[in-house]
Structures are given as C-alpha cells and as structure tokens.
1. For residue 94, what charge total do you get from the other residues with a beta carbon under 13 Å from its beta carbon, if Lys and Arg give +1 and Asp and Glu give -1?
2. Roughly how many Å² is the accessible area per residue of the chain, as a whole number, for a 1.4 Å probe?
3. Take the cross-link list 4/48; 193/224; 4/29 and give me the ones stretching past 28 Å between alpha-carbons.
4. Which is the longest run of the chain containing none of the GluC sites (Glu not before Pro) found in DSSP loop states (not H, G, I, E, B) with at most 16 other C-beta atoms within 10 Å?
5. Based solely on its DSSP helices, what 222 nm [θ] is calculated for the chain when runs of n ≥ 4 H residues each add -39,500 (n - 2.57) and the sum is averaged over all residues, nearest 500 deg cm²/dmol?
6. Per-residue accessible area for residue 147 at 1.4 Å probe radius, Å² rounded to 10?
7. If amide hydrogens are placed 1.01 Å from N in the peptide plane, which non-local residues have theirs closer than 5 Å to the one on residue 220?
8. If you take the beta carbon distance between residue 224 and residue 16 as r and set R0 to 35 Å, what does 1/(1 + (r/R0)^6) give as a FRET efficiency, to the nearest 0.05?
Amino acid sequence: VAPKVHMGDVDDQVVERFKLHLLDSGLSKTTANNYLRDISARFGRAIKSKAFTGPNPCAGVERLKLEETPPPYLTKEQIDTLLTAAEAHSNEMHWFCLLGIFEGLRLGEIVNAQWQWFDWQGKLLNLPSDETFSVKSHKGRSVPLNYRLVEAMQPHAHESGYLFEAGKPTGKTTSGAWVYRYSPRRVFATVLKRAKLDEKRITPHVLRHTFGTQLARAGVSIYKIREWMGH
C-alpha cells in the first residue's frame with residue numbers, strides 16, 4: 001500500500017518523479033497523462049474551495065508527448081476490392097460503402113440518408129439541417145456526387161424516402177448507448193471478410209477518412225475538403 005502524502009508536501013518535482021514512476025510501471029503515456037490530469041483537477045478543486053492555499057504543483061509539469069499516427073484509410077486497390085465485395089453482397093451495402101468513400105458521410109448521416117437529398121441533374125448530394133434531420137455540425141452542406149456512385153445508385157432512385165429501411169428510430173438508449181435506425185456493422189464486417197480486409201482496423205468511419213485522403217492527394221483545397229466533410 002502506498003504511503004499517504006499530504007498535499008502540502010507535493011511540489012512539481014514530486015509530480016515529475018511520479019510521472020516517471022508511472023512509465024516505469026509499464027503504463028502507457030496516455031494513461032500517465034490521465035493520472036496527471038486527475039491530480040491537477042484534485043488540486044484545482046482544493047484550491048477553489050480554499051482547502052489548499054498553495055500553487056497547483058501540476059501547473060509546471062509537461063504532459064507526455066504522444067506519437068501522432070495518421071488515421072487509417074483505404075488504398076485505391078482496397079477501395080475496388082471492398083466495393084466489389086459490397087456489390088456482391090447487396091445493393092444496400094454497396095450504397096453504404098459508396099456514400100462513405102466517395103461522399104465522406106458519417107455513419108449517422110449514411111443510415112439516415114434519404115433519396116430526396118440527391119440532385120441527380122445537378123450532380124450534388126444535399127445534406128439538410130432542419131426539423132427532420134440534423135448533421136453533426138448543425139449546418140447543412142452539399143457534396144459533389146461521384147460518377148461511380150451515380151452509376152450504381154441512380155437506376156434505383158426513388159423520389160423520396162430512406163435509402164435504408166428499418167423499424168427503429170435513431171437515438172440513445174436508457175444506458176446512454178447510441179443506436180441507429182439501421183445498423184450495418186455486422187454486415188459490414190462480413191463484407192470485409194469476403195474482401196480479405198482487416199476487420200479490426202477498418203471501420204465505417206475509415207471510409208470517411210478515405211474520402212478526405214483521396215481529395216487531399218488529388219490536390220483539392222483544404223478549405224473545400226473541410227466544407228465537403230462538414231467540419
């Protein structure tokens with residue numbers, strides 16, 4: 001059992017030594033930073049309530065720098081492999097992948113996608129933000145329709161209605177978990193297996209990362225990418 005330490009005995013050097021101790025114990029840098037955050041918050045509350053009158057000893061202690069890794073994305077070959085497997089499975093799964101890869105839609109936007117959002121003549125996908133649906137940024141946006149998506153989806157288009165039919169509303173459960181009206185995760189995992197792609201690394205959100213990466217590599221302005229992705 002670790003000995004008790006009075007708050008008044010803790011200074012920045014004590015915190016620095018504790019930080020090194022955490023790393024020596026085999027904890028990750030993220031976990032160590034979380035410990036430092038919690039200690040700093042505890043001192044902050046004590047100072048605010050005047051239970052402690054000294055300075056916060058964590059104020060001068062630098063957090064551990066984390067190695068930044070770029071988000072995963074699909075290569076052109078992987079895109080073709082995934083779309084071939086998705087199309088072989090069903091129209092719905094093919095559309096799901098197309099909307100992520102070529103339109104950059106979030107999972108919640110894809111599962112709530114409606115046919116009236118598609119302007120086939122103007123070659124635009126118009127995501128609204130109104131009483132019927134609100135995107136994450138609470139601001140509607142328009143994204144150019146990719147020709148591969150148009151070829152695959154326009155022949156099946158309806159004037160209105162959801163692309164993916166389901167019998168439950170989108171929302172949070174009593175436990176706080178988020179549930180979508182249409183859940184493609186199991187089917188998506190099946191398609192990944194057929195495409196021989198890494199199920200653990202590739203999630204529906206990776207399709208959105210792929211969209212942004214493709215645009216950046218094509219030399220599209222970062223401002224235009226931000227606008228189309230709804231950032």
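1. Surrounding charge for residue 94 is -2.
2. Values: 14460 Å² over 231 residues.
That works out to 63 Å² for each residue.
3. Numbers: 4/48 22 Å; 193/224 34 Å; 4/29 24 Å.
The pairs that break the limit, which is 28 Å between Cα atoms, are 193/224.
4. Longest gap between qualifying sites, sites excluded: 69-130.
5. Result for the chain: -14000 deg cm²/dmol, rounded to the nearest 500.
6. Its heavy atoms expose roughly 150 Å² to the probe.
7. none
8. Calculated value: 0.20.
The values are calculated or read from the model by the stated rules, or taken from the named source; none is laboratory data. The structure displayed is predicted, hence computed values, not measured ones. Quick reminder, even Gly has a Cβ in these numbers, built from the backbone with ideal geometry, and neighbours come from all protein chains shown. Ligands, DNA and RNA are stripped out before the accessible areas are found, and what is left, the full protein with its side chains, is counted by its heavy atoms. Shrake-Rupley method; radii C 1.70, N 1.55, O 1.52, S 1.80 Å.
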